[in-house]
Amino acid sequence: MERFTISLSDELAADFDQWIEARGYSNRSEAVRDLLRKEVETQRLDQGQAIYSVATLSYVYNHHERNLAERLTNLQHAAHDLVVSSMHVHLDHDDCMESLFLRGLTQHIRDFADKLSAETGVRHGTLNLVPVKIVALQHDHSHAHFHPHS
């Protein structure tokens with residue numbers, strides 16, 4: 001592990017210590033590592049360098065919108081290679097919220113999220129991408145297939 005030293009003003013150090021305590025970090029080093037990871041991952045996403053990602057796509061929609069639930073389900077089935085799981089919540093008489101858990105090529109996830117969010121009647125769509133490194137492994141799960149591990 002490589003070590004480095006940084007200097008902070010007393011005010012910034014106090015603010016950082018409050019931030020650390022509020023989030024439950026046990027030390028400054030772990031907090032700095034997490035902040036750096038987040039910035040590096042954000043840059044990788046912004047520059048198109050994150051090949052694979054895991055993600056959540058959450059959106060609200062009016063379930064009375066003509067054929068919308070069926071269209072959304074069809075889109076999810078068409079992207080079965082990306083959609084790992086979904087959760088559906090009834091918010092009120094008219095509105096539902098779904099959260100999809102996605103895994104795959106970052107650009108495919110973005111394309112799917114854009115397409116689904118553009119459906120008439122879908123509101124408040126939010127995609128949260130987390131870049132991951134995927135290692136393709138072949139091993140025995142007592143069934144024959146090949147799949148990636150993040």
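Observations on the structure shown:
- Residues Leu82, Leu36, arranged from fewest to most other Cβ atoms within 10 angstrom of their Cβ, appear as Leu36, Leu82.
- Among 12-20, 98-106, the order from most to least packed when residues are scored by Cβ within 10 Å on average: 98-106, 12-20
- For Phe112, Phe4, order by how many other beta-carbon atoms lie within 10 Å, fewest first: Phe4, Phe112
- When only Cα pairs below 8 angstrom with a gap of at least 6 residues are kept, the chain shows a relative contact order of 26 percent.
- Convex hull per residue volume in Å³, alpha carbons only, for region 52-135: 74 Å³
None of the figures in this text is laboratory data; all of them are computed from the coordinates on show. Note that the coordinates shown come from a computational prediction; the quantities given were computed from them, not determined experimentally. Glycine also receives a Cβ, built like all others from the backbone with ideal geometry; neighbour counts cover every protein chain displayed.
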